[in-house]
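Peer 1: Quick one: this structure, given as C-alpha cells, is what I'll be asking you about.
The values are calculated or read from the model by the stated rules, or taken from the named source; none is laboratory data. Being a predicted model, the structure only gives us computed values, none of them experimental. Note: ideal-geometry Cβ built from the backbone for every residue, glycine included; neighbour counts use all protein chains shown.
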C-alpha cells in the first residue's frame, strides 16, 4: 500500500457507472411455497462445492483468531443453537446441509456468523 | 460496509450499498486480497423469493445463508444492513441464548428475513426493525417509496436511534444518508473514514444528479471501495429494481 498517495488520498469516481455486464451476480429462485427442506436444493446443487471450500477455510481462520478454547466452546454449542432457531430457519439449514454435503454444525456457524463475531 | 440512500429533487429514492467483509480473516500477501472476501465473491447471488408463483421480494445473498442483508420489496421498501461493532455485541446475546435459553430475542439476519416476508410497508418495516429485541447491535438502512422515506436505524440489543431524511427542520432536510459502520453522532476514526469521501462526493455532485449511477460512482470511490468489498448493489423500491455486481479493488487500494 506504499503506492497510495498519502494516507488521506481519495478522488471522487465519476466514470465507474455503468459497470460491466460480466460482473453481474447470477439470479436464482427460492420458492417459499416449497417445504423448507427443499427450498435451497437448486442453489446448493450449483454452489455447494464453493460453499464447502469457504466454510472450511473460515473454520480454520476463526480457530486461529479466537483460539482453541473459544472455538471449541462455539463448535460444541452449535447443535443446540441450530435446533433452537425459529421455524423455518433450522429446517432450511438442514436442507442446505443435505444438498451441499456439509455438516449441519458448519452450516449453522456460517448462518450465525454475524452474532458470533461482532466482537 | 457502506450504505447510501439519496433522494432526487422530484422525491425519487435510490438506495445502494457496498458489502465489505473478511477483515482480519486471512490476508493473502501475494494477491493483496482478504481470503474470505475472495471466497465469498463466487457465492454471491441474486435471489427471487417466490410466494404463490409471484416474486415476494428480491435480495442479494451469499449462497447457503438463509438471512437477508440486502433486499428490495417492490412498491414497499428497500433494505440494507451494516455491521455495528461493539465490545458486548453478539457475544452477550449468543451466551444468553446458549446458557440461559433466552429465546425472546431475534437473530439479526433472521429478523430481516421476516421483515422482508411480512412487512406490508415502510412504516411497518421501520417499526419492527426498531423495536424487536436483538442478539447483536447492528445498523438497519431503510428506504421507501415516498419522499423523505429514508432512515438509518442504529440498534443496540434493546434500544434504537433513528436518523431520517426528514430528521432536521423543514428548511434543512437531508437529501442523502451515508452509513459506514459508525454511529452518525460520532466522528469516524481516521484509519477508517469512508464517510467523509462518500459525503463529499455526494455533495460535489449535488441533489440534481441523484441517481443510481451517482450512488454507484460514490460506492466505487476509494476507500469507500476497498479490499474488503465483495459486491455493490443498487436498489429502487418503486420499480422493484435490484442489481448486484461483484467488485474488486485494484491496487493501490485500502485494505478496509
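Peer 1: Do you know which residues across region B:196-228 are modelled with pLDDT of 95 or more, in a helix (DSSP H, G or I) and farther than 17 Å from residue B:8 by Cα?
Peer 2: Correct list: B:219 only.
Peer 1: Criterion first (within 19 Å of residue B:70 (Cα to Cα), in a strand (DSSP E or B) and at pLDDT 95 or above) does residue B:129 satisfy it?
Peer 2: No: the conditions fail for residue B:129.
Peer 1: Within region B:16-30, can one find any residue that is at the interface with chain A (Cβ under 8 Å from one of its Cβ atoms) and touching a residue at least 40 places away in the same chain (Cβ under 8 Å)?
Peer 2: no
Peer 1: Go through B:219, B:214 for me and flag whichever is in contact (Cβ under 8 Å) with a residue 12 or more places away in the chain, within 14 Å of another protein chain (Cβ to nearest Cβ), buried (at least 16 other Cβ atoms within 10 Å of the Cβ) and in contact with a helix residue (DSSP H, G or I) (Cβ under 7 Å, 6 or more places away or on another chain).
Peer 2: Going through B:219, B:214 in turn, the sole match is B:214.
Peer 1: Taking region B:229-256 on its own, how many of its residues are modelled with pLDDT of 95 or more and either part of a strand (DSSP E or B) or facing chain A (nearest Cβ under 8 Å) (or both)?
Peer 2: Count: 15.
Peer 1: Considering each of B:95, B:81, B:87 in turn, give the residue that is over 22 Å from the mean Cα position of the chain (by Cα) and either closer than 25 Å to residue B:130 by Cβ or assigned to a loop (DSSP other than H, G, I, E, B) (or both).
Peer 2: B:95
Peer 1: Every residue in region B:88-103 that is facing another protein chain (nearest Cβ under 7 Å) and loosely packed, with under 14 Cβ neighbours inside 10 Å, please.
Peer 2: Correct list: B:103 only.
Peer 1: Name the residue, out of B:54, B:70, that is at pLDDT 95 or above, more than 15 Å from residue B:1 (Cβ to Cβ) and more than 8 Å from chain A (Cβ to nearest Cβ).
Peer 2: Selected residue: B:54, the only one of B:54, B:70 that is at pLDDT 95 or above, more than 15 Å from residue B:1 (Cβ to Cβ) and more than 8 Å from chain A (Cβ to nearest Cβ).
Peer 1: Among the residues of region A:24-35, is there at least one that is more than 8 Å from chain B (Cβ to nearest Cβ) and assigned to a helix (DSSP H, G or I)?
Peer 2: no
Peer 1: Which of the residues spanning region A:55-88 are assigned to a helix (DSSP H, G or I), without any contact (Cβ under 8 Å) to a residue 24 or more places away in the chain and either at the interface with chain B (Cβ under 8 Å from one of its Cβ atoms) or farther than 21 Å from residue B:21 by Cβ (or both)?
Peer 2: A:57, A:61, A:65, A:68, A:69, A:72, A:73, A:76, A:77, A:80, A:83, A:84 - these are the residues of region A:55-88 that are assigned to a helix (DSSP H, G or I), without any contact (Cβ under 8 Å) to a residue 24 or more places away in the chain and either at the interface with chain B (Cβ under 8 Å from one of its Cβ atoms) or farther than 21 Å from residue B:21 by Cβ (or both).
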